[in-house]
Structure formats: C-alpha cells, structure tokens
Protein chains: 2
Amino acid sequence: MGRASKGRDVAAATPVVILVRPQLGENIGMAARAMLNCGLSTLRLVAPRDGWPNEKAQRAASGADIVLEKAEVFDSVGEAVADLERVVATTARNRELAQRIVTPRQAASDMRGWIGQGDSIGILFGPERTGLENDDMVHADTALSIPLNPQFSSLNMAQAVLLVAYEWSAAGDTTPPARMADHATRPATKEELQSLFDHLERALDQSGFLRNKEMRPSMVLNLRALLQRAEMTEQEARTFHGVIKFLSKSKHEE
Amino acid sequence: MGRASKGRDVAAATPVVILVRPQLGENIGMAARAMLNCGLSTLRLVAPRDGWPNEKAQRAASGADIVLEKAEVFDSVGEAVADLERVVATTARNRELAQRIVTPRQAASDMRGWIGQGDSIGILFGPERTGLENDDMVHADTALSIPLNPQFSSLNMAQAVLLVAYEWSAAGDTTPPARMADHATRPATKEELQSLFDHLERALDQSGFLRNKEMRPSMVLNLRALLQRAEMTEQEARTFHGVIKFLSKSKHEE
C-alpha cells in the first residue's frame, strides 16, 4: 500500500547497524568488517566518543572502508532511529524494563519477516563496557540477548555485531547445509557400485577371505554397506577396481 | 556398548578445538576467549609457530586462561586427532579433494548427534592467511565452510572459532527464542484486560470520541486489538487505568 510508494527495493534491503556512543575508533572499524563479512553495509553512529571521521576506525576497517564512507552520524538514539520502522536493541544485562527479549536467531527470523514486508530496521549496539542504557533500550521494539556461557560472557563489540549479522545472513542463506565439494566427477551409479561389489567379492572368494559359508552372506552385506556409505564418485569406483586388481595380483608376503 | 566402558560423561563432552600451525600468539589467546564464551574449553595446538607457552597468547586470553593452561601441543595433525572419532576441518577455499562440505549450522547438528553417541570430536582451524592444506583436510570426516559475503570474506581466526563455537552452543541452547524480560509482575488476565477496555470505552463515549454510531464497533475492535497486542502486564494495566482516569478528569486545552 504505502510501502511500494516509498520506492524501497525490498530484495536489497538490509538492517542498519547503529553503534551507540562507541568509544574506540578501532572497534568501529572492526565492527564495519564484521558487518561486511555478513552482507551488511549500512552503519549509523550515535555520538561517537572520539568524533568522526576517525583515523583509527579507518585503519581497523581496512577493506571495509565503504561501510565507513557511507556511515551517518547522529547526536542521539532518537534521531538515529527516527526514520526506521523497527528497532532491535542488543543487551547483555537483565533489566527491569518490560521488553520482549529474543535470541539472535529469533531476531534474524523477525527481521527477515519485517524486511519482507518493506519495514526498515535498525539494530542498536551499546558502548563498550557499559552497554545500552534503559533510555536507549526504550526506543526498541525488541531486546536481543546473545546466549553465552554464564561463567564467561565477554564478547567485544565487533564480535557481538558479527554474531547478530551472521544470524541475519544465515536466515537468508541458500547454501545447502551439506554438499559434496566441487569436483570433476559424479557419484558412481548403483550399477557401477554393483560391478565393484562383484569384483571385490570375486577377488575375496578367490583369496579365501569368504570361505566360511555360514558367515559369507553377512560379511558380504557388511562390506557392501561400508562401500555404499563411502558415497563413492565414479572416479573413486574406478580407482578402487584398480586397488582390488593389483592387490589380488600381488604375492602377499606375511 | 564399548562407549560406556570408556567412562565418558556424554553430557559434559564438548568438541576439541584444534589450531593447526597458528602463527600469532595473540590470535591463540583470542581464540581461547571465543571458545569459552560459547562453552568450549578444550584446546589443542599443532606446531604453533612461536612455540608454547606463549606470553602474547596469555595476555590476549585474559580471563580465559583456563583454556590455555589445559591446552595440549602436538607436532602434527595426525597426532592431534589420533584419539578422536570425528574430525571437522574448516576451510574457506574450494578444493579438489572430494569431501562433504557443511555449513556451521549443519556441523553443529552433526556434532551434537555424534557427542550424543559418545564420539569424541575435533574441529580443525588452519593457520592465519593460508588456512588448512589438503594434507590437513584429509584427516577430517567433513569439511566446514562458513557462508560469507562473496565480495568480502575476511574473518580472523578468533572470529571463525567464535562462529563455529556459537553454532555448537546454539544447537544445544535451551534459552527460549522469545521471552519477556524478568520482571516483578505477571501478564494481565483477560478479565483484567476486559475491565481496561470497558473503562477506556466508557471514558471515550463520555468524551464524544466514539459518537459515530456506524464507526463505533470497528473503532472499539481496533482499540482492543491494539491493547491486546501490547501484551500488558498486570501492573501496566493498572497504570493504564490511571492514565485514562486522569486524562478524562483534566480539562483538555487545545
């Protein structure tokens, strides 16, 4: 309805990372790198302690300069989020403020839903050491807390940005969970495998390995199960034929 | 069967992080911190460039010293994985080696399954800049590749360890994906909410806001939907009663 008229390219939209009162330029630079690794490039800074631009940030961002070049600076959180429709605020502390708190994975799912509806989103990260104040948190729809080891929870700013950005990225990632490495050959067909089984069993029969008639059926099945499980490529099956051939030719000396 | 006799405490078992030919002590220390944040504390080092112990590693590990204290050093990958039943090797490169490649999320799922069966697991990370060689990769059951921005893929060693460890941790995490912040009061009951609706609608009727008889039913429903969506606590409902009461008492001046 109103969204299309804002001319937003929903397919390209990504959440805005907002660093609130960041202290060290180096951390801003590293946060920019963390973002870009995960496909985020829109950065806003609220009252950076050492001003802007910041040479230490630029040095630490090496390669991710584009993120710093496009970064916008604001004086307050309110101004930084004014044009956004959804805000997620990261927190490490238990708070008295009554907010919905989500895991990074749930936040990523929420954000993908919002982006799909055309909403613009900001993710707030607080100053090193102190984190966001309640006055910052209250600008958010949702709080986000990264589940960590209760005995040792000590992420730096760039690592927190990395994990949240990574979950966002993973939620939209189409990489298959498991795949075979790129390689020149295809899996062996079941016929090729059967031919390998036959060759192996012939050689084993000839060598006497399968001479026990009662045990033979289960031994054969177990060998076949093993070879099936290897998920051999066509080339590997051919190689294995060679292994069997040469082993059975050799005079094996104990 | 044989597993129980090994006396393994499956509930406490975690994967072993194995840094292969790590170059900078500082990176080893930061990797130790990344591990501990996610509940991993067993570290093995293969031929660390600057030997062991390493002062720079100790300084960078501050707080995660326990991981370095327990760390074991080996001369080769083969020796480092000898007692393990499963090995996952992280890689950023496309390889000619025919291996199954999984995402960190899938690896975490695989590892949880293996741990549950009593298998011991190692995760290999390669040297900074060059990564693992094929000779290292071939010790693994599975390769792991972190899906990153094809235009900017530049994680440092500790960040790669962090993401893999995080996925492991998330796969076993029982934190609810979404929850209300800890607070002293409970959600308002539906009866308490209805009482709030009644109060608000009485006040709005008296003020003339709902005077349009045709529009009234849908306006009332929309207001109720909004208030339902607020997921008010019992205390917030009481506060809102106060807001309505005081607003309707005041002489509102335009």
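With the requirement that a residue be part of a loop (DSSP other than H, G, I, E, B), more than 7 Å from every other protein chain (Cβ to nearest Cβ) and of a type outside the set (Val, Ile, Thr), what does the stretch B:178-194 give you?
Residues of the stretch B:178-194 that are part of a loop (DSSP other than H, G, I, E, B), as a first pass: B:181-186, B:188-189.
Still in the running and more than 7 Å from every other protein chain (Cβ to nearest Cβ): B:184-186, B:188-189.
Correct list: B:Ala184, B:Arg186, B:Ala188.
If you take the residues of the stretch B:19-36 that are aliphatic (A, V, I, L, M) and open to solvent by 10 Å² or more (accessible area, probe 1.4 Å), which of them is nearest to the other protein chains (Cβ to nearest Cβ)?
Residues of the stretch B:19-36 aliphatic (A, V, I, L, M): B:19-20, B:24, B:28, B:30-32, B:34-36.
Subsequent filtering for residues that are open to solvent by 10 Å² or more (accessible area, probe 1.4 Å) retains B:24, B:30, B:36.
Details: B:Leu24: 16, B:Met30: 9, B:Leu36: 4 Å.
Per the stated criteria, the residue is B:Leu36.
Please find, among A:Leu162, A:Leu97, the residue that is of a type in the set (A, V, I, L, M), at pLDDT below 95 and in contact with a helix residue (DSSP H, G or I) (Cβ under 6 Å, 6 or more places away or on another chain). Please lay out each step first, then the result.
Numbers: A:Leu162 fails: at pLDDT below 95.
Checking each option against the conditions leaves just A:Leu97.
I need a count of the residues in the stretch A:93-102 that are out of contact with any Lys or Arg (no Cβ under 9 Å at 6 or more places or on another chain) and within 7 Å of chain B (Cβ to nearest Cβ).
Adding up the residues that qualify gives 6.
Would you confirm whether or not the stretch B:205-216 contains a residue that is part of a loop (DSSP other than H, G, I, E, B), at the interface with chain A (Cβ under 9 Å from one of its Cβ atoms) and open to solvent by 30 Å² or more (accessible area, probe 1.4 Å)?
Start the filter on the stretch B:205-216 by keeping residues that are part of a loop (DSSP other than H, G, I, E, B), which leaves B:208-215.
Right, trim to at the interface with chain A (Cβ under 9 Å from one of its Cβ atoms) and you get none.
No, the stretch B:205-216 contains no residue that is part of a loop (DSSP other than H, G, I, E, B), at the interface with chain A (Cβ under 9 Å from one of its Cβ atoms) and open to solvent by 30 Å² or more (accessible area, probe 1.4 Å).
Evaluate the following for B:Leu132: is it open to solvent by less than 50 Å² (accessible area, probe 1.4 Å), more than 15 Å from B:Ala165 (Cα to Cα) and in a loop (DSSP other than H, G, I, E, B)?
Numbers: open to solvent by less than 50 Å² (accessible area, probe 1.4 Å): yes; more than 15 Å from B:Ala165 (Cα to Cα): yes; in a loop (DSSP other than H, G, I, E, B): yes.
Yes, satisfied.
Where residues in the stretch A:217-236 are within 14 Å of chain B (Cβ to nearest Cβ) and on the phi < 0 side of the Ramachandran plot, which of them is most open to solvent (accessible area, probe 1.4 Å)?
Of all residues in the stretch A:217-236, those within 14 Å of chain B (Cβ to nearest Cβ) come to A:229-236.
Then drop every residue that is not on the phi < 0 side of the Ramachandran plot, which leaves A:229-230, A:232-236.
Numbers: A:Arg229: 173, A:Ala230: 56, A:Met232: 18, A:Thr233: 8, A:Glu234: 37, A:Gln235: 93, A:Glu236: 71 Å².
Across the stretch A:217-236, the extreme among qualifying residues is A:Arg229.
In this structure, is B:Asp75 acidic (Asp, Glu) and surrounded by fewer than 18 Cβ atoms within 10 Å (Cβ to Cβ)? Break it down into steps so the answer makes sense when it comes.
Values: acidic (Asp, Glu): yes; surrounded by fewer than 18 Cβ atoms within 10 Å (Cβ to Cβ): yes.
Yes.
Take the residues of the stretch A:136-164 that are within 7 Å of chain B (Cβ to nearest Cβ) and not hydrophobic (A, V, I, L, M, F, W, C): which is most open to solvent (accessible area, probe 1.4 Å)?
That would be A:Ser153.
Looking at (1) closer than 24 Å to B:Leu163 by Cα; (2) more than 10 Å from chain B (Cβ to nearest Cβ); (3) buried (at least 17 other Cβ atoms within 10 Å of the Cβ); (4) not charged (D, E, K, R), find the lone condition where A:Gly113 falls short.
A:Gly113 satisfies all of (1) closer than 24 Å to B:Leu163 by Cα; (2) more than 10 Å from chain B (Cβ to nearest Cβ); (3) buried (at least 17 other Cβ atoms within 10 Å of the Cβ); (4) not charged (D, E, K, R) except (3).
Looking at (1) assigned to a helix (DSSP H, G or I); (2) within 14 Å of chain B (Cβ to nearest Cβ); (3) free of Cβ contacts under 8 Å to residues at least 12 places away in the same chain; (4) open to solvent by less than 60 Å² (accessible area, probe 1.4 Å), find the lone condition where A:Thr175 falls short.
(1)
What number of residues in the stretch A:207-244 are basic (Lys, Arg) and closer than 17 Å to B:Gln99 by Cβ? Give the steps one after another, and end with the answer.
Within the stretch A:207-244, the subset basic (Lys, Arg) is A:211, A:213, A:216, A:224, A:229, A:238.
Next, from what is left, pick out any that are closer than 17 Å to B:Gln99 by Cβ: A:229.
Qualifying residue count for the region: 1.
Might you check whether a residue that is surrounded by fewer than 23 Cβ atoms within 10 Å (Cβ to Cβ), in contact with a strand residue (DSSP E or B) (Cβ under 7 Å, 6 or more places away or on another chain), within 14 Å of chain A (Cβ to nearest Cβ) and farther than 25 Å from A:Ala92 by Cβ occurs anywhere in the stretch B:79-92?
Checked the stretch B:79-92: no residue is surrounded by fewer than 23 Cβ atoms within 10 Å (Cβ to Cβ), in contact with a strand residue (DSSP E or B) (Cβ under 7 Å, 6 or more places away or on another chain), within 14 Å of chain A (Cβ to nearest Cβ) and farther than 25 Å from A:Ala92 by Cβ.
Considering only the stretch B:141-165, state which residues are assigned to a helix (DSSP H, G or I), out of contact with any strand residue (DSSP E or B) (no Cβ under 8 Å at 6 or more places or on another chain) and over 21 Å from B:Arg100 (Cα atoms).
B:Ala158, B:Gln159, B:Leu162 - these are the residues of the stretch B:141-165 that are assigned to a helix (DSSP H, G or I), out of contact with any strand residue (DSSP E or B) (no Cβ under 8 Å at 6 or more places or on another chain) and over 21 Å from B:Arg100 (Cα atoms).
Can you tell me which of A:Gly51, A:Gly63, A:Gly39 is farther than 24 Å from B:Leu155 by Cβ and open to solvent by less than 60 Å² (accessible area, probe 1.4 Å)?
Numbers: A:Gly63 fails: farther than 24 Å from B:Leu155 by Cβ; A:Gly39 fails: farther than 24 Å from B:Leu155 by Cβ.
Just a single option satisfies the conditions, and that option is A:Gly51.
Can you tell me which residue within the stretch B:237-254, out of those that are among the charged types (D, E, K, R) and outside any helix (DSSP H, G or I), is surrounded by the fewest Cβ atoms within 10 Å (Cβ to Cβ)?
Just the residues of the stretch B:237-254 that are among the charged types (D, E, K, R), to begin with: B:238, B:245, B:249, B:251, B:253-254.
Okay, now just the ones that are also outside any helix (DSSP H, G or I), so B:251, B:253-254.
Values: B:Lys251: 4, B:Glu253: 4, B:Glu254: 2.
Result: B:Glu254.
Only one of (1) in a loop (DSSP other than H, G, I, E, B); (2) at the interface with chain B (Cβ under 8 Å from one of its Cβ atoms) fails for A:Ala170. Which number is that?
Condition not satisfied by A:Ala170: (1).
The values are calculated or read from the model by the stated rules, or taken from the named source; none is laboratory data. None of these values were measured; they are calculated from a predicted model. When we count neighbours, we look across all protein chains shown, and the Cβ atoms used for this are built from the backbone with ideal geometry, even at glycine. Remember, those area values only see protein heavy atoms, side chains included, never the ligands or the DNA or RNA. Shrake-Rupley method; radii C 1.70, N 1.55, O 1.52, S 1.80 Å.
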